[in-house]
1. Connecting C-alpha atoms closer than 10 Å in a GNM of the chain, tell me which of Ile170, Ile300, Ile116 has the biggest fluctuation.
2. Under 10 Å, Cα contacts only: if you run a Gaussian network model on the chain, which one of Gly175, Gly97, Gly220 comes out with the highest mean-square fluctuation?
3. Calculate for the chain the 222 nm mean residue ellipticity that helices alone would give, adding -39,500 (n - 2.57) per DSSP H run of length 4 or more and normalising by residue count, nearest 500 deg cm²/dmol.
4. How would Met144, Met101, Met200 line up by accessible area, probe 1.4 Å, largest first?
5. Counting only protein heavy atoms, what percent of the accessible surface of the chain is carbon or sulfur at a 1.4 Å probe?
6. Please report, in debye to the nearest 20, how large the charge dipole of the chain is about its Cα centre when each Lys and Arg carries +1 at its beta carbon and each Asp and Glu carries -1 there.
7. Helix 2-11 versus the longest principal axis of the chain: what angle, 0 to 90°, nearest 10, using Cα atoms?
8. Count neighbours as other Cβ atoms within 10 Å of each site's Cβ, and list the trypsin sites (Lys or Arg not before Pro) in segment 111-158 that are DSSP loop with at most 15 such neighbours.
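The values are calculated or read from the model by the stated rules, or taken from the named source; none is laboratory data. Quick caveat: nothing in here was measured; it's all calculated off a predicted structure. With ideal geometry, Cβ positions are generated from the backbone for all residues, glycine too; neighbour counts draw on all protein chains shown. Heads up: the accessible areas ignore ligands, DNA and RNA and are worked out on the full protein's heavy atoms, side chains in. Shrake-Rupley method; radii C 1.70, N 1.55, O 1.52, S 1.80 Å.
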Amino acid sequence: MGIHMFKFQKSKLLLAAGLLSMTGAANAGYTFDLSDNDKITFGGYIKADARYTDGNVGAVDYWYGGGSVLPESQSNFGIAVNETRFNTKYVHGDVTGFIEMDFYGDAVAGGGNEVISNSSSPRLRHAFIKYKNVLVGQTWTTFMNTSALAEAADFGGPLVASAFIRQGQIRYTNGGLQLALENPESYGGYRGAGKRDDGMPDLIAKYTFKGDWGNVSVSGLARQLKTATNQSESSLGFGIAGRIKTVGKDDFRFQIHAGEVGRYIGVVASTDIVGEEVEETTSVLVAYRHFWNDDLRSNIFYGVTETDLTDRERSHWGVNLFKNITKQLSYGVEFGNFDMDEANADSNYLQVSAKYVL
């Protein structure tokens, strides 16, 4: 009886490949059908990066919208695996739960250092519940078009010019229309990052046009910001982003953002408040992906962000080559440059990556 029951339960587990499209990540996963209405999916990837940098912007695991300016140029070499991530998706009928972690947590709190263990704490990326058209929890901001991110060995590519935030939100979706109330945070002024006790959620609306040709999204952002003296200022921003299919499997990706978009753009390249004034930002990202054959592809990308009050101009360009060894295993090499023009600082980098997708 026990053996037959084991075989019966085992036969109900269906192992299959799936796409975790809810996060905008095309990472394969393993799905188990537990019953007619219950499924669980495990996904993620293991990624190892060897990275050489040279210049007067301090070395980091990946370029974002800021950096430490060094008194003179320095070279640095490092090997890291922190981008590695793991996720789980639970589906019960119309209800979906999703959680994902990577390993960019605090290495000090995690007990790690480069002398002995190189440990790093897990870090929460996504955790949300979705029921029919409503999503509640933490995930990519609705202001963001994840398909418009450049494919890069450097994590996220030109983040300096990307809409790139994960935060708590309540989102409603109806076809191509998405409306969301998202966690507010007034970044900048004299108080920098930190809780300002913002009293109103950020309001975001986005509409995405889709077809066989690709997709284009138009998004708007309205917020009430807190100044350094705890005054309230209104801000408005917009974005247009998408991925367009071109020749064969090639595609063109772009992002254009302008207005008072603040922290939503550039990963600290832009601020919300400077003293008592709201900062305006202009940001452009372009990327092209070309397939040489089914297993070999290249990307070239460029992103730049400019701000008015802090007078920043920061950019990142790169070119890469990726080779698929198997459907799950690939490696790549990338060369590029990150530039902080207002500080007369820039660094070149060369990165080699290996990635195994679950």
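1. Ile116
2. Judging by the Gaussian network model, the answer is Gly175.
3. -1000 deg cm²/dmol
4. Output order, biggest surface exposure first: Met200, Met101, Met144.
5. Here it works out to 59 percent.
6. 1920
7. Taking the Cα atoms of the chain, the angle to 2-11 is about 50 degrees.
8. Lys132
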